[in-house]
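Here's the structure, in structure tokens; my notes come after.
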Amino acid sequence: MKLGGDAGFSVLELIVALGIAAGLLVVVAASLPRPAADAGADAAAIVAFVSEARSSAILSGTAAVLAIGSNSMTIGGKRIQWTDDLSVATSTKDPAAEYRLILYPDGSYSGATLYVRSPTATRAITGVYRSNPTDG
């Protein structure tokens, strides 16, 4: 049996091999599909946006119009968008393409309860109404 200094790998060879393996892992990880956006976080952001818009109308003392589209909501110069996984509607049935709610300075608003629906849950944003809305 011969014991020589040529057996095994040098430290430099091991470092180079580990560097190549790490580079391949980065390339593979970057090509994997990303998980879907967190619908719960988007729903919470929508609820917060409506709450902030209502507070703004109360503090300014003027009515404001909240425009709700199929995947976005706008009031004044502020806008929030959400993924296609979510829908916002004024009834438990299918959402309309676009509609508007008026937020009044006394904290009430026109319209019905807003429903934020994700694939796993539905969250209601209730309010004080100026009229007698009907939830369809």
Among the residues of the stretch 45-94, how many are farther than 15 Å from Pro105 by Cβ and either touching a Cys at 6+ places or on another chain (Cβ under 9 Å) or not acidic (Asp, Glu) (or both)?
30
Qualifying positions in the stretch 88-124 - in contact with a Leu (Cβ under 8 Å, 6 or more places away or on another chain) and modelled with pLDDT under 75:
Thr90, Gly111
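Just the residues that are out of contact with any Leu (no Cβ under 7 Å at 6 or more places or on another chain) and either under 30 Å from Pro119 (Cα atoms) or at pLDDT 90 or above (or both), please, taken from the stretch 26-40.
Val28, Ala29, Ala30, Ser31, Leu32, Pro33, Arg34, Pro35, Ala36, Ala37, Asp38, Gly40
Give me the residue from the stretch 125-136 that is more than 20 Å from Trp82 (Cβ to Cβ) and assigned to a loop (DSSP other than H, G, I, E, B) and, out of that set, modelled with the highest pLDDT.
For the stretch 125-136, the residue satisfying everything is Arg130.
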Checking the structure you have, find out if any residue of the stretch 65-73 is at pLDDT below 75 and small (Gly, Ala, Ser).
no
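The values are calculated or read from the model by the stated rules, or taken from the named source; none is laboratory data. Note that this is a predicted model, so its numbers are computed, not measured. Virtual Cβ from ideal backbone geometry, glycine too; neighbours counted across all protein chains shown.
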